[in-house]
Structures are given as structure tokens and as C-alpha cells.
1. For Asp285 and Asn2, calculate 0.36 nm times their separation in residues minus their Cα-Cα distance, and state this gained length in nm to one decimal.
2. Treat each spin label as a single point 7 Å out from the Cα along the C-beta direction, and report the Thr240 to Ser204 distance in nm.
3. Once the Cα gyration tensor of the chain is found, what semi-axes does its equivalent ellipsoid get, as square roots of 5 times the eigenvalues, in whole Å, sorted largest first?
4. How much length is gained on full extension from Lys44 to Thr259, taking 0.36 nm per residue of separation minus their Cα-Cα distance?
5. If you line up the Cα atoms of the range 173-305 on their principal axes, what length do they span on each, largest first, in Å?
6. Considering the zone a paramagnetic label at His171 would reach in this model (a point 7 Å from Cα along the Cα-to-Cβ line), which residues of the range 182-197 have amide N under 18 Å from it?
7. Given the -39500 (n - 2.57) contribution per DSSP H run of 4+ residues, what per-residue ellipticity at 222 nm results for the chain, rounded to the nearest 500 deg cm²/dmol?
8. For Lys181, list the aspartates and glutamates whose Cα falls under 19 Å from its own Cα; do not include residues on the same chain fewer than 8 positions away.
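No value in this document is a laboratory result; all are computed from the given coordinates. Please read all numbers here as calculations on a predicted model, not as lab measurements. Every residue, glycine among them, receives a Cβ derived from its backbone with ideal geometry; neighbour counts consider all protein chains shown.
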Amino acid sequence: MNIALLASYAAPYPGNFISSVRLLNEKVKAKGGKIVFVFPQEVKERGWISQFKDEKVYFLPYAPYSFSTIKALRKIFKDEKIDVIYSHFSGWDISSRIAAPFTRNVWHCRMNVRTETVLKKLKYFIKYRIIGANRTFSIGVSPAVGKKLTAVAGRKKACTICDGIDFSRLHIRENYAEEKKRVLILGWQPQVKGFDTACDAFESGVNGLTLSVSCQQATKDYIAARFKETPPWLETIEPTDNVASLYDNTDIFLSASITEGFAAAIAEALYSGLPCVISDIEGTDWAWEMKNVFVFKTGDANSLAAALKKCRETAMTFENAEYNRKILLEKYSLDSWAEKVMNVLGI
């Protein structure tokens, strides 16, 4: 079986996604199949692309829905005799469907499906019931996303496969802080990741804690616009692919996002032995069964402050951390993810 894996992924670091598709590639080759990869043009400049030096890789300008993209994809599918097209993220999924209307498509939806307005409902109806009506199957990255995909695409045309986590990148801590002092939040886009709500909470009365934000330029700009001087409770750290170092140097992980597909960072933090304070959104509900997870009302600074207080007062024990790791290894390993994806692809 020849598979074209399309991924509009150009992040500076490989993360769990590249680890996942590399393992999938090895498993497919072991079964006698082949994966051809298609990435955006800018991926040529990413250091992690060297991990695909022995694979067939195409690079295309990221211009979803354009005629040039559809034409280029059609040529790739024909030249490589593709049997299944497997798309990650949005953009190239619809383009690949148009480029190869009679080839089986699998769309891996990595973001939450928003259907709260008539316009959005119409958008998804067109995508899944018209464009994706023929030989198309969808995968959601969390129970919440899978449930919504089933509603918009049809009960027999969607399923849930939670993301796999590369646990080999992480450390298991041996000692658990009696006094929690540092809170880590990942600040990609400040409003999306809830960094604004975290700042509101810390300004309004969270005492004795430092908010440590791993941030890109958008969050740095937000901090500069909001504060004349960086407050004493806030520190910024540069993004890094060494995620273990982030979790090793904090006491609490905070996920304050207003929307998520599958919040992989929560799984990483729990595996590392951290207590987590998380917003009550779809996309984090899979973590509510874990020990030392404290849920607050999304966007509510007072609720967040209360959850942080409760987290500080509740000890994280070795037994609780081991309980969490057992569930994570059973449900969210890379191997489990790859096997489930292969089943959907029909390998």
C-alpha cells in the first residue's frame, strides 16, 4: 500500500507529531507499505527534516485550495501510485480530496470542531457532507473532537484516536515539592492559551507563586503592551525542544486554553509528575480522571486563583504520579497511536 501523508506542519521543533509519524512510517514499512511525505516549503529550513533523509519527501508552497496546489498534489498522487491520502491539520485535506476524487482520503482533525453558529455549521456541512462525501474518513484527536466529527460527518465516517506522546523525551521526577513556587504556562498565542486570564488571576491575589511563561513573540508583545514593567511574579523563558527541562524546573503546570484539540502538554506534565491546573474545555476532559488535576472555569480569573490555591494545598505523591503514568502509557503511547491509525488506513 502506498500512502501520501500530507502535513501542513512547519513548527520549529518536531514535538510529538514528528515522533508519531516517524513511528507510523516504520510500522508501515514493516508491513510492506510505503509513505510519501508532503510538507510546506519552509520545512526545508527546519532542522528536524533531516530525520526524513531516507524517505521520499515533497515540499509545496502552503497555498491551500489554490489551483496550483491541487495540480501539484494530483501529480504526486499519480507519480507515486497513491492508494490512501492521509492529511494532518487543515488546508491540504480539501485540496487532496479535489485532486484525487476517487482515492480514499483520511482526514486527521487536530483542532476542536466549532459548530456554535449557523455559518460554522454550514461550513462543516459543506466540508464533510459534500466535499468529503465520497471515500473520506475522519479522525478526531480527542473524545470531544471525535464526537463532534461524528455529528458533522456521520456515525460511520469518523472515530477518535487520541494523540500519542513521546514519553522518551521526558524525565520522571523522584522528589515532589512540598512547597510549590513556580507555575508553568505555554504561551503560544496569549488569548488562545489563556495567558491573559492567568495574568488577571495573578494580579488579583495569587500570592507566593511565580508564573513562568514559555513564550513566542506574540506573548512578548502582549506582556510589553499590558505592563509598563514586568511584574515580580512573572518570568519569561524561551521556547525549547527540550521539554523535559521545562517540566523539571516547575512545580505546577497550568493549561488555561480557551480551545484545544488534544492538550498534549497536560499529558507530558502529568507523566513528569506535575500537578496540573486546567481549564474546563473540550479537549482537556480526557485528563479529568487523573490524580492531582484541578479544573477551573475557562476565562474566569477567580476560579483559576481558587484552583491554584487548592493545588498548592494538595500534595502530589509518588503513588498518584504512578497512577497517572500507568493510564498515560496505556492510552496515549506512540505505539498505541500508530497501531490505531494503521487500522483506519487499512494496513
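1. On the way: separation 283, 0.36 × 283 = 101.88 nm, distance 3.56 nm.
Gain on stretching Asp285 to Asn2: 98.3 nm.
2. About 3.3 nm separates the two model spin labels.
3. Values: eigenvalues 272, 91, 79 Å².
Computed over the chain, the values are 37, 21, 20 Å.
4. Values: separation 215, 0.36 × 215 = 77.40 nm, distance 2.99 nm.
Contour length minus Cα-Cα distance gives 74.4 nm.
5. The principal-axis extents, from largest down, are 39, 30, 30 Å.
6. Within reach of a label on His171, which here means backbone N under 18 Å from a point 7 Å along Cα→Cβ, the range 182-197 contributes 182-185.
7. Working: 12 runs with 129 residues, N = 347.
Per the formula, -11000 deg cm²/dmol.
8. Qualifying aspartates and glutamates at Cα under 19 Å: Asp200, Glu203, Glu235, Asp248, Asp251, Glu313.
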